[in-house]
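Supplied in structure tokens, the structure appears directly below.
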Amino acid sequence: MSKTIRIAGAQGFYGDSPLGAIQIAMQHEADYLMHDALAELTLSILQKDKMKDPTMGYARDIEVHARTLYPIAFSKGIKIVTNSGGLNPESAAEKVKAILEKSGIKGIKIATITGDDVLARLPEFKENNIELSNLDDGSSYYDSKFPPTHANVYIGAQMVKEALDNGANLILAGRVADPCLALGIMAHEFNWKIDDASSQEDWDRMAFAITIGHILECGGQASGGNAYSEWPMPYSVSDLGYPIAHVHDNCTGFITKAKNTGGKVSRNTIREQLVYEIHDPTNYITPDVVVDLSQIILQDVEENKVSISGIKGKPKPEKLKLCIGQHEGFVTEQFFFFSYPFAYDKLQMFIKAVKETWTKLPIQIVESRFNIIGVNGLHEDAVDIPDAEELNQRSELGLRIAIKHKDDRTGKTAIAGIVCLGLNGPPGVISVPGWGNMNRAMLSLFPCLIPRELINPVVKYFNV
Amino acid sequence: MKIKLIDIASARSGDKNNVCNIGVMAKSIEDYATLKKYLTPEVVKEHFKGLIKGKVERFEWDALESLNFVCHEALDGGASRSLRMDTLGKNFSSHLLRLELEIL
């Protein structure tokens, strides 16, 4: 009889609702909750928090989870694995510890995983001539003229396994690669190898776990959310059930969702999540294993139950991926609306006046963009826009103006300079108070590879 | 004969820096054969009229009756540098589903 464990995809992004996870915990439908909080850009957001307050830098929804979800989960013996620690796992652990202690909870071991954050080590890498060349264009990081905002290496699952082996109830990790959270859980439960993997069996096991992690990492996106294949989605989404994987140590399993919930799990919803953010399906690269998904077998077994098997693994890549955030400048945007009649002609007149105004102001705009909302806002030049006569018949049109600039004064001056067009410009224009964005930091990501021997993840424990 | 992509497939797109991938899932085995024959990287790139600046790679995923299009230099420099509204290219899937394939 093979051993089975249940892992829930409890969070798809920083800011996701905790309700799906709370329901799974209350119904005790999982042994582990896997929370993924770190999209590519999330670390930039967390870095801004950390610069304002050095005790911040973690995904702040863990504070909500600590008050609502964790007590329920711990009372059922459910363990939680998350990368919500972000840029400051230890501070996150202190915060969670304080909240749990205030609630009278005892006997909980929190583990943090760090060592992925190499921002402070970039000068050391330069000194030691560690090559950091851009995966997209081959340029050297050391030639880059922008200041770094964060630098994190995608690390693997070994420390997740180690922390669970040592009895952790809650793991707050930094930039552990999303699907590796599931691998750490399965390697712990099934006693699989990770860093010491050496056989085809080891690689196939890891590849299976990574695939489960990939399906779960976006939460409700695997269980009927955001699903074109199920459109018009004849199920409720306000109480969408989050996905749960039942996995066996023989590398088979199935995906289902929480009971008494909306959403749907089908071969189609799982297919959609599988293709998401994957490039070559024969070479899905993760820190611990390269996954070949080309022979995957997905089958509808019964309602809301899809079986999964047939995944192959290959040895891990030689190097790890490092993403360095760079502060290139700012983006400012503002919205205006134009009413019938002549909505389109008025909008065009307004754009012309904006451009003329900007030439007279002491500002430096690097690039500007004008989108007509409801017409070419999302797809820009890829769509044909209706002719002026038709657009003039619309009851309203929206205009979005966005600019890139290098200094933090240009945005304010550029927008302040054009609001007078509400009175001085064409009739029937409004701007909505509070809308728009001033000086949103414009960050670029510098993706490169780094020798894995330079990176040594560390686990620390905090007892509650 | 023309076939609307939305009648034979679903799609989902996502970002990795300045690269956008669009997974296209056929509704049936027959539809997959049609996609394989007619939904070429060239057709996809042309449909986006300059939004995709780099090359488009196509990966066939027979086990899932799906094609995966990896579109390079497609996101105006990447999510946080982009001046677009759809910074992450999440709606590349929607726009692709608008495509009509000319079936010979």
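The values are calculated or read from the model by the stated rules, or taken from the named source; none is laboratory data. These numbers come from a predicted model, not from an experiment. Neighbour counts run over all protein chains shown; Cβ positions are idealised from the backbone, glycine included. All accessible areas refer to the heavy atoms of the entire protein, side chains included, with ligands and DNA or RNA removed. Shrake-Rupley method; radii C 1.70, N 1.55, O 1.52, S 1.80 Å.
Do any strands (runs of 3 or more DSSP E) entirely within region A:273-343 hold 2 or more residues that are open to solvent by 10 Å² or more (accessible area, probe 1.4 Å), within 30 Å of A:Ser368 (Cα to Cα) and within 11 Å of another protein chain (Cβ to nearest Cβ), and if so, which?
A:319-339
Output the qualifying pairs, or none if there are none: Cβ atoms under 7 angstrom, residues six or more apart or on different chains, first residue in region A:113-129 and open to solvent by 90 Å² or more (accessible area, probe 1.4 Å), second residue assigned to a helix (DSSP H, G or I).
Partner pairs satisfying both residue conditions: A:Lys126/A:Tyr142.
Scan region B:53-83 for residues that are under 15 Å from B:Lys16 (Cα atoms), open to solvent by less than 40 Å² (accessible area, probe 1.4 Å) and in a strand (DSSP E or B) and report the count.
5
Under the condition of being in contact with a Ser or Thr (Cβ under 9 Å, 6 or more places away or on another chain) and more than 7 Å from chain A (Cβ to nearest Cβ), which residue from region B:63-76 is farthest from A:Ser368 (Cα to Cα)?
B:Glu65
What's the number of the only condition in (1) surrounded by 17 or more Cβ atoms within 10 Å (Cβ to Cβ); (2) assigned to a helix (DSSP H, G or I) that A:Gly422 fails to meet?
Against the list (1) surrounded by 17 or more Cβ atoms within 10 Å (Cβ to Cβ); (2) assigned to a helix (DSSP H, G or I), A:Gly422 comes up short only on (1).
Further question: Being more than 14 Å from every other protein chain (Cβ to nearest Cβ) and not in a helix (DSSP H, G or I) is the filter here; which residues of region A:356-381 pass it?
A:Leu361, A:Pro362, A:Ile363, A:Gln364
If you don't mind, there's one more thing I want to ask. Yes or no: region B:25-37 includes at least one residue that is outside any helix (DSSP H, G or I), buried (at least 19 other Cβ atoms within 10 Å of the Cβ), in contact (Cβ under 8 Å) with a residue 40 or more places away in the chain and not basic (Lys, Arg).
Looking for residues that are outside any helix (DSSP H, G or I), buried (at least 19 other Cβ atoms within 10 Å of the Cβ), in contact (Cβ under 8 Å) with a residue 40 or more places away in the chain and not basic (Lys, Arg), one finds at least one in region B:25-37, hence yes.
Any idea how many residues of region A:262-280 are more than 15 Å from B:Asp62 (Cα to Cα) and among the acidic types (Asp, Glu)?
So the answer is 1.
Do we find a residue being closer than 20 Å to A:Ser444 by Cβ and at pLDDT below 95 anywhere in region B:4-14?
yes
Still on this structure, I have one more. Quick check on region A:141-171: of everything there that is in contact with a Cys (Cβ under 7 Å, 6 or more places away or on another chain) and part of a loop (DSSP other than H, G, I, E, B), which residue is most open to solvent (accessible area, probe 1.4 Å)?
Across region A:141-171, the extreme among qualifying residues is A:Gly156.
Could you figure out which of (1) more than 8 Å from every other protein chain (Cβ to nearest Cβ); (2) in contact (Cβ under 8 Å) with a residue 40 or more places away in the chain; (3) under 16 Å from A:Asn376 (Cβ atoms) isn't true of B:His47?
(1)
Restricting to region A:194-209, give me the number of residues that are outside any helix (DSSP H, G or I) and open to solvent by 10 Å² or more (accessible area, probe 1.4 Å).
Qualifying residue count for the region: 5.
Looking only at residues that are aromatic (Phe, Trp, Tyr) and under 23 Å from A:Ser44 (Cα atoms) in region A:431-464, which one is least open to solvent (accessible area, probe 1.4 Å)?
Taking the candidates together, the pick is A:Phe446.
Further, regarding this structure: Under 22 Å from B:Arg81 (Cβ atoms) and acidic (Asp, Glu): does that describe B:Asp15?
Here the answer is yes, as B:Asp15 does meet what is asked.
Same structure again: Is one or more of the residues making up region A:235-252 aromatic (Phe, Trp, Tyr) and within 13 Å of chain B (Cβ to nearest Cβ)?
Within region A:235-252 (the criterion being aromatic (Phe, Trp, Tyr) and within 13 Å of chain B (Cβ to nearest Cβ)), the answer is no, since none of the residues qualifies.
Checking A:Arg267 against (1) within 10 Å of another protein chain (Cβ to nearest Cβ); (2) of a type in the set (D, E, K, R); (3) surrounded by 21 or more Cβ atoms within 10 Å (Cβ to Cβ), which test does it fail?
Checking A:Arg267 against (1) within 10 Å of another protein chain (Cβ to nearest Cβ); (2) of a type in the set (D, E, K, R); (3) surrounded by 21 or more Cβ atoms within 10 Å (Cβ to Cβ), the one that fails is (3).
Here are A:Ile385, A:Ile418, A:Ile430: which of them is among the β-branched types (Val, Ile, Thr), in contact (Cβ under 8 Å) with a residue 12 or more places away in the chain and within 14 Å of another protein chain (Cβ to nearest Cβ)?
Numbers: A:Ile418 fails: within 14 Å of another protein chain (Cβ to nearest Cβ); A:Ile430 fails: within 14 Å of another protein chain (Cβ to nearest Cβ).
Testing whether each residue is among the β-branched types (Val, Ile, Thr), in contact (Cβ under 8 Å) with a residue 12 or more places away in the chain and within 14 Å of another protein chain (Cβ to nearest Cβ) leaves just A:Ile385.
Identify all residues within region A:433-443 that are assigned to a loop (DSSP other than H, G, I, E, B) and within 14 Å of another protein chain (Cβ to nearest Cβ); write none if there are none.
Listed by number, the residues that qualify are A:Trp435, A:Gly436.
Being open to solvent by less than 10 Å² (accessible area, probe 1.4 Å), among the small types (Gly, Ala, Ser) and over 20 Å from the mean Cα position of the chain (by Cα) is the filter here, so list the residues in region A:2-53 that pass it.
Those that are open to solvent by less than 10 Å² (accessible area, probe 1.4 Å), among the small types (Gly, Ala, Ser) and over 20 Å from the mean Cα position of the chain (by Cα): A:Ala25, A:Ala30.
Step by step: first the residues of region B:84-104, then only those that are more than 13 Å from B:Leu5 (Cα to Cα) and out of contact with any Ser or Thr (no Cβ under 8 Å at 6 or more places or on another chain), then the one that is surrounded by the fewest Cβ atoms within 10 Å (Cβ to Cβ). Which residue is that? Spell out how you get there, then give the answer.
Of all residues in region B:84-104, those more than 13 Å from B:Leu5 (Cα to Cα) come to B:84-92, B:104.
Narrowing the set further to residues that are out of contact with any Ser or Thr (no Cβ under 8 Å at 6 or more places or on another chain) leaves B:84-86, B:88, B:104.
Working: B:Arg84: 21, B:Met85: 17, B:Asp86: 22, B:Leu88: 19, B:Leu104: 6.
For region B:84-104, the residue satisfying everything is B:Leu104.
Of the residues that make up region A:382-392, is at least one open to solvent by 50 Å² or more (accessible area, probe 1.4 Å), part of a strand (DSSP E or B) and farther than 30 Å from B:Asp15 by Cβ?
no
Within region A:89-100, can one find any residue that is open to solvent by 50 Å² or more (accessible area, probe 1.4 Å) and touching a Pro at 6+ places or on another chain (Cβ under 6 Å)?
No - not one qualifying residue is present in region A:89-100.
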